């Protein structure tokens, strides 16, 4: 019987030695203290109330993520809708950047001459004209907005057929200076590109008359609210050559 036990021990002693060696290594690394600490503090681990807090936090995080995903989804749908509703003669281009100091002056587009962009092309936002292509590189383009100081295009009031020049003032509302004194214009009238203009296609929607100064000299002036807000545009439609 003793011989059998000795034989059994001699057979398995290398494994016992290996297990002891691994235990010593684990203890020397501080894992033993961690195991003992975990055993002692187990009664103080999160109970039902703490578990509810954790679940509430996880649910709140998931709701925030879902809301952000929904916003991104709606934004992408709007982009896709813009592409699908592009008028014949225009193609869609992404807005890639704009400078804070020139917020009402220019935007940068993600296509250039390699995609057919040309200087002077009309640039439309959702609802109306926002500017003209000012410069072009092979892969990017710069748009001068209608709100930029010094910007000017020929327009008319669609209802009364009164012509004028739309001037950028560096704010969100350009100024319309009429060519006639008797303009017969009222607040809310639609402003579009003039059929007499040689720079732009005729009758592109531009904005709405917000206020009118009949006493201005040499002709009445009006402030125009653009139909497309250039400060909140991610994609535009650019006139094809």
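The values are calculated or read from the model by the stated rules, or taken from the named source; none is laboratory data. Since this is a predicted model, take the numbers as computed values, not measurements. Neighbour counts run over all protein chains shown; Cβ positions are idealised from the backbone, glycine included.
Values as computed for the structure displayed
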item: Residues located in the stretch 178-204, provided they are more than 30 Å from residue 240 (Cα to Cα) and without any contact (Cβ under 8 Å) to a residue 24 or more places away in the chain; result: 182, 188
item: Failed item, numbered, when residue 208 is tested on (1) within 30 Å of residue 135 (Cα to Cα); (2) without any contact (Cβ under 8 Å) to a residue 24 or more places away in the chain; (3) in a loop (DSSP other than H, G, I, E, B); result: (3)
item: Which listed residue, of 99, 161, is without any contact (Cβ under 8 Å) to a residue 12 or more places away in the chain and farther than 19 Å from residue 223 by Cα; result: 99
item: Some residue of the stretch 196-203 being part of a loop (DSSP other than H, G, I, E, B), exposed (fewer than 14 other Cβ atoms within 10 Å of the Cβ), in the same structural domain as residue 109 (by TED's automatic domain parsing) and at pLDDT 90 or above; result: no
item: Residue 155 being touching a helix residue (DSSP H, G or I) at 6+ places or on another chain (Cβ under 9 Å) and in the same structural domain as residue 114 (by TED's automatic domain parsing); result: no
item: Within the stretch 92-156, strands (runs of 3 or more DSSP E) holding 3 or more residues that are closer than 13 Å to residue 230 by Cα and under 18 Å from the mean Cα position of the chain (by Cα); result: 106-109, 122-125
